[in-house]
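Structure record follows, encoded as structure tokens.
The values are calculated or read from the model by the stated rules, or taken from the named source; none is laboratory data. The structure presented is a predicted model; accordingly, all values stated were derived computationally and were not measured. Note: ideal-geometry Cβ built from the backbone for every residue, glycine included; neighbour counts use all protein chains shown.
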Amino acid sequence: MSAQVIDGKEVAAEVIETVKSATQKLIKDTSVTPGIAVVIVGEDPASQVYVRSKGKKATECGFHSVTHTLPEDTSEADLLAMVENLNNDAAIDGILVQLPLPDHIDEGKVIQTIAPEKDVDGFHFINVGKLGTGETETAFVPCTPAGSMVLLRKALGKSDLSGLNAVVVGRSNIVGKPMLNLLLAANATVTIAHSRTQDLPGLCRTADILVAAVGRPEMIKGDWVKPGAAVIDVGINRIPAPEKGEGKSRLVGDVSYEDAAEVSGAITPVPGGVGPMTIAMLMANTLTSACRRAGVEAPTY
Amino acid sequence: MDPRYIDGRSVSARILAETKAGFEALNGASGRLVSISIGDVEEIAVYIRNQARGAEKAGIPFDDQYWPAELTQDECKARIVEMNDDPSVIGIILQRPVPDHINVRSLQSAIHPLKDVEGMNPASIGNIVYNDLALTPCTAAASVELIKETGLELKGLEVVMIGHSEIVGKPAAFMLMAEGATVTVCHHMTRSVAAHSRRADAVLVAVGIPNFLKADMVKPGAAVIDIGINQITDESGETRIVGDVDTEAVVEVASWVTPVPGGVGPVTVSILMRNALTAQKRQIAAGWIAG
């Protein structure tokens, strides 16, 4: 193996350290404490795990953190009312509604009800649009793509990607499309590829930066990777692992890691790559929101 | 016309006729389309004239307002907010450029998304990213319309967009992506534009440089959409309008080329009118005006 392994856990820990110290300073200088509210509807075990870890991380950062757990049969109107309350709650800088929501609730409607200036997930169409028009000083960038960009900058040791070809595989609203805007803003030449792309392996081979976000386990093979490329694997897929015992499973990315690591210059592992960055950037976005409220400059990552 | 050229004027005429029929089905336009020019706008007078003509063909009253350059940002914003609330205004066009003391982004954001016929409000751009293609930036939408005019299937089509402006390049990329194309966005920091454009089934150019796209940058049989509008002075001292494509040479390689003038420009105007119809429908659906 020749590639530099991009350690997402380590970079995420650095981000959290920056958030922690900036939070202490913010509280000391302005007496504004960043506040985050997480709302979960129902008892999906995976969602509960995510919500708990977000709450824990927020507390670790020194935030005011509240979690609202609502029963599965909560009506859409009640959930929207709760979001409105949080929009008007001066102590809350970031609102996060854990997805997925039960079928009887319109997810889009709920997300669009969150005040854009508290939408730390960056899913509100005003934030999505501002990312498109380059108004990032007042927008929130979705956490997974934002974290991917931080890893990329660390791996390449620079933030200006002029002259580099980036290929993003996957055109989802929460990863692929924001990555197009972020990579363009960093001066890369960007191609967005997807399941209908004609010669996907050939196209991937042109990439100096390859971002995989399709949600298909190990779809991108080592021989699709240009030698020396930086590979960011956003996929998290659970596959059976009979070698670990009956009924066991393991996590893999969208990239066939072992082969790709032989060819690439730098690569993110799964788990331990992009994954830990997502929650770190959520904390970073919440701090940014609080800094905007306090009228002070937010740290960069 | 040489069949290798895509005739933007006939596409525009068709869209305007469809739009007119659309308005007739709603018992006519509910109000007027307002064009706002702030300060000295001599250089864009021709665009405003073309929009007025397009509006007439589509059956929409066109109100071209000229605001004094001395107006402050807040005064401009207040006037726009008033129009947002005025049911006799279907849509608002903010002509650019604006004087230096005016923040154009902030004014565009002040136009309500239901009246944003130019598709410039961040909320409108956000909707495009989310594949809601209702009120799209007109030039980007016109470019997509012209690719469709060739009959090429957009699903799986290799498209290269040269230029990454917020007004054209980026929204066009998202719209083409929504249609299933594989899209590459190139710009002035791209190492080799030709290496990308030569692989494309369709190339769109919006860089503002005359003769930028040469024949050797185009794959034989591709469609070429020329979004550039540049004024040049030729050897005889005459000024004329050219695009970003070396059209005479490229037409020998490509299967389709949009001419300048007479390509993207007229279609852009017709899309603006189609957006006005969409805006009226959305205002009816939102209960702002009677259906």
Subset of the stretch A:116-153 [small (Gly, Ala, Ser) and either modelled with pLDDT of 95 or more or within 19 Å of residue A:93 (Cβ to Cβ) (or both)]:
A:122, A:139, A:146, A:147, A:148
Condition met for residue B:172 (modelled with pLDDT of 95 or more, part of a loop (DSSP other than H, G, I, E, B) and buried (at least 19 other Cβ atoms within 10 Å of the Cβ)):
no
Across the stretch B:93-109, what is the number of residues that are farther than 15 Å from residue B:37 by Cβ and within 14 Å of chain A (Cβ to nearest Cβ)?
4
Hey, any hits in the stretch A:122-135 for a residue that's small (Gly, Ala, Ser) and more than 18 Å from the chain's Cα centre (by Cα)?
yes
Spans of strands (runs of 3 or more DSSP E) in the stretch B:178-228 with at least 1 residues over 21 Å from residue B:145 (Cβ atoms):
B:182-186
Hey, which of the helices (runs of 4 or more DSSP H) in the stretch A:46-164, taking only ones fully inside, have at least 3 residues that are crowded, with 23+ Cβ neighbours inside 10 Å?
A:125-133, A:143-156
Residues that are more than 17 Å from residue B:46 (Cα to Cα) and among the small types (Gly, Ala, Ser): does the stretch B:254-263 have at least one?
yes
Of the residues that sit in the stretch A:153-165 and are touching a residue at least 40 places away in the same chain (Cβ under 8 Å) and more than 10 Å from chain B (Cβ to nearest Cβ), which one is nearest to residue A:300 (Cα to Cα)?
A:154
Mind listing just one residue for me: the one in the stretch B:232-291 that is of a type in the set (Val, Ile, Thr) and in a loop (DSSP other than H, G, I, E, B) and, of those, surrounded by the most Cβ atoms within 10 Å (Cβ to Cβ)?
B:258
With A:141, A:168 as the choices, which residue is in contact (Cβ under 8 Å) with a residue 60 or more places away in the chain and more than 9 Å from every other protein chain (Cβ to nearest Cβ)?
A:141
Any idea which residue in the stretch B:137-156 is nearest to residue B:200 (Cα to Cα), counting only those that are within 12 Å of another protein chain (Cβ to nearest Cβ) and out of contact with any helix residue (DSSP H, G or I) (no Cβ under 8 Å at 6 or more places or on another chain)?
B:156
Just to check your reading of the model, which residue among B:34, B:46 is without any contact (Cβ under 8 Å) to a residue 60 or more places away in the chain and out of contact with any Gly (no Cβ under 9 Å at 6 or more places or on another chain)?
B:46
Might you let me know whether the stretch B:79-92 holds any residue that is in contact with an Asp or Glu (Cβ under 8 Å, 6 or more places away or on another chain), within 14 Å of chain A (Cβ to nearest Cβ) and buried (at least 16 other Cβ atoms within 10 Å of the Cβ)?
no
Residue A:226 under 25 Å from residue A:171 (Cβ atoms), modelled with pLDDT of 95 or more and surrounded by fewer than 18 Cβ atoms within 10 Å (Cβ to Cβ):
no
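Results for (1) among the acidic types (Asp, Glu); (2) surrounded by 18 or more Cβ atoms within 10 Å (Cβ to Cβ), shown as yes or no for each residue.
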site: B:24; (1), (2): yes, no
site: B:30; (1), (2): no, yes
site: B:37; (1), (2): no, yes
site: B:40; (1), (2): yes, no
site: B:48; (1), (2): no, no
site: B:51; (1), (2): no, yes
site: B:58; (1), (2): no, yes
site: B:61; (1), (2): no, no
Condition broken by residue A:32, with the remaining ones in (1) touching a helix residue (DSSP H, G or I) at 6+ places or on another chain (Cβ under 6 Å); (2) over 16 Å from residue A:120 (Cα atoms); (3) part of a helix (DSSP H, G or I) satisfied:
(3)
With the condition kept exactly as written, say whether any residue in the stretch B:166-188 is of a type in the set (Ser, Thr, Tyr) and more than 9 Å from chain A (Cβ to nearest Cβ).
no
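This table checks each residue for (1) basic (Lys, Arg); (2) under 23 Å from the mean Cα position of the chain (by Cα); (3) within 18 Å of residue A:194 (Cα to Cα).
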{"site": "A:225", "(1), (2), (3)": "no, no, yes"}
{"site": "A:231", "(1), (2), (3)": "no, yes, yes"}
{"site": "A:236", "(1), (2), (3)": "no, yes, yes"}
{"site": "A:267", "(1), (2), (3)": "no, yes, no"}
Among helices (runs of 4 or more DSSP H) lying entirely in the stretch B:54-153, which contain 2 or more residues that are within 15 Å of the chain's Cα centre (by Cα) and at pLDDT 95 or above?
B:138-149
